[in-house]
1. Among the listed pairs LYS62/LYS166; LYS32/LYS93; LYS92/LYS131, which have their C-alpha atoms separated by more than 25 angstrom in this model?
2. Treat every Asp and Glu Cβ in the range 13-200 as -1 and every Lys and Arg Cβ as +1, leave all other atoms uncharged, and give the resulting dipole magnitude about the Cα centre to the nearest 20 debye.
3. For the range 54-162, what class follows from the C-alpha gyration tensor (a ≥ b ≥ c being the square roots of its eigenvalues): rounded when a/c is under 1.5, otherwise prolate if a/b is larger than b/c, else oblate?
4. Determine, at each q value in 0.12, 0.15, 0.17 (inverse angstroms), the log₁₀ of I(q)/I(0) that the Debye formula gives when each Cα of the chain is one equal point scatterer.
5. If I require 18 Å or longer along the helix axis, counting alpha carbons, and a Kyte-Doolittle average no lower than 1.6, what helices from the chain are left? Use full DSSP H segments.
6. Once you place label points 7 Å from the Cα toward the Cβ at LEU36 and HIS77, how far apart are they in nm?
7. Specify the inter-centroid distance of the range 116-133 and the range 45-91, based on alpha-carbon positions, in whole Å.
8. Using helices alone, what [θ] at 222 nm do you get for the chain, with -39,500 (n - 2.57) per DSSP H run of 4 or more residues, divided over all residues and rounded to the nearest 500?
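Every number here is computed from the coordinates shown, using simple stated rules; none is lab data. Bear in mind that the values here come from a model prediction, so they are computed numbers and not experimental data. Cβ atoms come from the backbone with ideal geometry, glycine included; neighbour counts cover every protein chain shown.
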Amino acid sequence: MTTARDEGVIKFRFTLKRAPAPEMTQVIALEKWRALFFKLGLIGEYPIDKIGYGNLSSRLLKKSFIITGTQTGHLAHLQAHHYTKVIECDLKKGMVTAEGLIPPSSESLTHYGIYDANPAIQYVFHVHHNKLWHYLQNSDCDAIPENIPYGTLEMADAAQKVMAGKVTGLIVMKGHEDGIISYAPTAEDAGKNLLDLYRSLGTKQ
């Protein structure tokens, strides 16, 4: 039996230019946090659907960034070739251009929208957790309305609007089951936003 979970499917047009994988030194900070989030169940794979969830990125120059490749959520640890460079996005046309060995995450447009909103933001972490997701929906956390699907131009636009010039914080994606975004100028701050929430609720896997 499978569900109709809307997850993991790339909803934008993309061009993947075959190129060497990012240097491992470029993804160390991401991989540190990703390994921890995997252990905590914030990144992983839905067992029935066999669909991966969760993606992390870090800014390179201007609006280009490195992001985890699509459908890598089931892996406890990633190698450099599991990451991809997004070098250009067009929010009007819904087009992503990437370089690497694997297609970029299905949430690449949302990551780009957040980087585009504020040059001070250097890291975007997108995780999933049902308990935390429900908690944030009933809090004063910035929220993207439930009628906006993940991975779309509308999601990227909505993320920009709810941030309202902030440089760090959390966003709950009401229309993307279990989805939560953290963004910050440093990997430590982006990770701490999520860990503080996780620990404050005494969350168990």
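1. Those over the limit are LYS32/LYS93; LYS92/LYS131.
2. Details: 19 positive and 19 negative charges, 75 e Å.
Dipole about the Cα centre, nearest 20: 360 debye.
3. Because a/c hits 1.5 or more and a/b fails to exceed b/c, the range 54-162 counts as oblate.
4. -0.52, -0.86, -1.14
5. Details: long enough: 24-40 (24 Å, 0.61); 187-200 (20 Å, -0.71).
Correct list, ordered by number: empty.
6. Taking the simple label geometry, LEU36 and HIS77 are separated by 1.7 nm.
7. 13
8. -9000 deg cm²/dmol
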